[in-house]
Amino acid sequence: MRIGFIGGGNMARSLIGGLVEADIPADSISVSDPGTGICEALKADFGVRHANSNKQLLAEADLVVAAVKPQQMKKVISDLAGQFDNKLLVSIAAGVLTDDLVAWTSQSTTAVVRCMPNTPALVQCGATALFANQYVSELQRQQAQSVLAAVGEVAWVESEPQLDAITALSGSGPAYFFLLIESMIDAAQAMNLPADLATRFATQTALGAATMAHDGDIKPAQLRENVTSPAGTTEAALNSFQAANFRTTVLHAMQAAEHRAVELGNELGDKKNG
């Protein structure tokens with residue numbers, strides 16, 4: 001499989017690094033990017049090939065990862081219209097719908113996989129959901145999955161609107177945890193702990209809790225109960241959260257993110273809703 005990356009930004013760099021670490025031959029990976037020194041740096045760091053243009057990259061690749069900003073996607077794909085025969089187009093741009101991607105290729109049967117990765121992919125701890133249109137073969141599904149699995153966990157969703165919920169859950173999700181960590185650090189400093197200690201212990205606590213929830217067989221609700229002694233300090237804190245409607249706040253925040261994801265799809269695509 002020959003893999004091409006249109007765009008060499010952080011997410012592309014992360015995916016390339018994960019692929020090379022997974023023993024995918026570096027000379028089977030090519031990159032094109034107009035930014036000064038970007039392709040040269042990727043070639044120096046990973047040994048990948050530097051394509052002189054998007055057209056050259058597309059001609060030589062079986063699977064093309066479009067790793068450009070959502071606002072740039074229409075122009076990038078339209079400039080390559082009519083050249084996607086037997087190619088798999090993988091988009092990691094938030095909000096850009098598969099029907100629009102197909103339309104921009106000017107080929108009605110273009111195989112498209114749309115992905116929703118998240119920033120922890122930069123440290124090989126990503127969570128990526130994938131959706132394939134009807135023109136993607138089983139082999140192409142496996143190929144797309146192998147690319148994204150190089151930087152973390154992957155899962156397929158059955159319908160494209162589910163990607164909007166995934167955006168609210170894992171796409172935007174890291175920021176929710178960063179906000180909680182930030183707030184815990186601020187609170188600890190208000191309790192007269194030094195900033196460096198507050199930061200180190202807040203981040204380590206988050207890492208430990210996430211590891212327990214991810215790696216063990218115990219559900220998060222049970223883990224929470226296990227650490228909550230009756231009339232103890234944890235119960236006092238959790239009661240304060242609940243009195244402030246913590247669960248409802250989380251629900252409303254994620255619904256807002258999902259709604260904005262839908263809006264972005266309409267704004268970026270060719271089919272606008274009124």
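When M116, M73 are checked against the criterion of being buried (at least 21 other Cβ atoms within 10 Å of the Cβ), in contact with a helix residue (DSSP H, G or I) (Cβ under 8 Å, 6 or more places away or on another chain), closer than 17 Å to A149 by Cα and aliphatic (A, V, I, L, M), M116 stands alone in meeting it.
Matching residues to (1) within 17 Å of the chain's Cα centre (by Cα); (2) closer than 16 Å to N266 by Cβ:
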position	(1), (2)
D85	no, no
A93	yes, yes
V96	yes, yes
S108	no, no
V113	yes, no
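When the criteria are applied in full, A132 meets the requirement of being assigned by TED's automatic domain parsing to the domain that holds S91, surrounded by 18 or more Cβ atoms within 10 Å (Cβ to Cβ) and either at pLDDT 95 or above or among the small types (G, A, S) (or both). The set of residues in region 1-56 being assigned to a strand (DSSP E or B) and touching a residue at least 60 places away in the same chain (Cβ under 8 Å) consists of I3, G4, F5, I6.
Residues are listed down the side, and each one gets a yes or a no for (1) more than 27 Å from A257 (Cα to Cα); (2) touching a Cys at 6+ places or on another chain (Cβ under 6 Å); (3) polar (S, T, N, Q):
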residue	(1), (2), (3)
G171	no, no, no
F178	no, no, no
I185	no, no, no
P194	yes, no, no
A198	yes, no, no
T203	no, no, yes
L207	no, no, no
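Hey, any hits in region 157-166 for a residue that's buried (at least 17 other Cβ atoms within 10 Å of the Cβ), part of a helix (DSSP H, G or I) and in contact with an Asp or Glu (Cβ under 8 Å, 6 or more places away or on another chain)? Checking region 157-166: at least one residue is buried (at least 17 other Cβ atoms within 10 Å of the Cβ), part of a helix (DSSP H, G or I) and in contact with an Asp or Glu (Cβ under 8 Å, 6 or more places away or on another chain).
The values are calculated or read from the model by the stated rules, or taken from the named source; none is laboratory data. Keep in mind that this is a model prediction, so the values were computed, not measured. Neighbour counts are summed over all protein chains in view; Cβ atoms, including those assigned to glycine, are modelled from backbone coordinates with ideal geometry.
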